Amino acid sequence: MAERTNTTKIQSNRLTRWAILVTSVLITICPIHATNAAADEPLQRYNYKIHDSLYGDIGSYSNTVVRSGKTTTVATEAHIKVTFLGVTLYRQEVSRTERWVSDRFVSFHGVTVENGKTTEINGWVEADHFIVSSPIGKFSAPSTIRSANPWFAATTGGDTILMPDTGLIDKMHTSGGDEITIKIDGAPKRVSKYQIETEISREQYQVWIDDSGTPVMFNIKDHDGTDTFTLIR
């Protein structure tokens, strides 16, 4: 049981890293023109179910987007619970809020509670840099840093990203874009498929995006199995 618990913790940590990371690539490859809004727009919410190939359905992930003129506020939530034979092996709750003005990331506040342990990450603009404060330290990043969230336009900017669960500042590289057809809840869906790799953590992922620029599915696959996020609206 101890070995399973440790494996589950590693998988679940990876889950939230992936949910965070996959959104970052979308800022580059599929902008959705949020920052061009001239007036307030209706709140939008995107919900995903999380499925682990070993443990089955283990939680949910969502983005709620509020736009007002050039300002976009994104609230992210994740709720993960892994059980085995009726015993809870791992639990994680995530709550984050970020704010953008036009295409610039201006503030971030995130709290992750993992098996009762709380980690808080904060970020803010300071002169021509973005400051990140976390339990691992206080760091200065380029002003072009992006958070990992797709629900705004940020077509200009570097490849530096903030990993909001740890405060790590990483680099990412994206490839692919081939159009294919996949099935979502049994229905065929035409999508573009991309691969993502991080420079520091050396992780690889996949994401499928429909013609409206919405990520309909994304996953990570390694020797522990496959974790899949599927849009359920």
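Readers should treat all values here as calculations from the given coordinates under stated rules, not as data from a laboratory. Note that the coordinates shown come from a computational prediction; the quantities given were computed from them, not determined experimentally. Quick reminder, even Gly has a Cβ in these numbers, built from the backbone with ideal geometry, and neighbours come from all protein chains shown.
Applying a 10 Å radius around every beta-carbon, put 175-184, 105-114, 120-129 in order of their mean neighbour count, most first.
Packing order, densest peptide first, comes out as 105-114, 120-129, 175-184.
Cross-link partners among lysines for K171, C-alpha distance below 23 Å, same-chain residues fewer than 8 apart left out?
Straight-line reach from K171, under 23 Å: K138, K193, K221.
From the C-alpha coordinates alone, can you work out the Kirkwood hydrodynamic radius of the range 85-233, in Å?
One decimal place: 17.3 Å for the Kirkwood radius.
Please give, to one decimal in nm, the separation of the simple spin-label points placed at R202 and T88, each 7 Å out from Cα toward the Cβ.
Label-label distance for R202 and T88, simple model: 3.6 nm.
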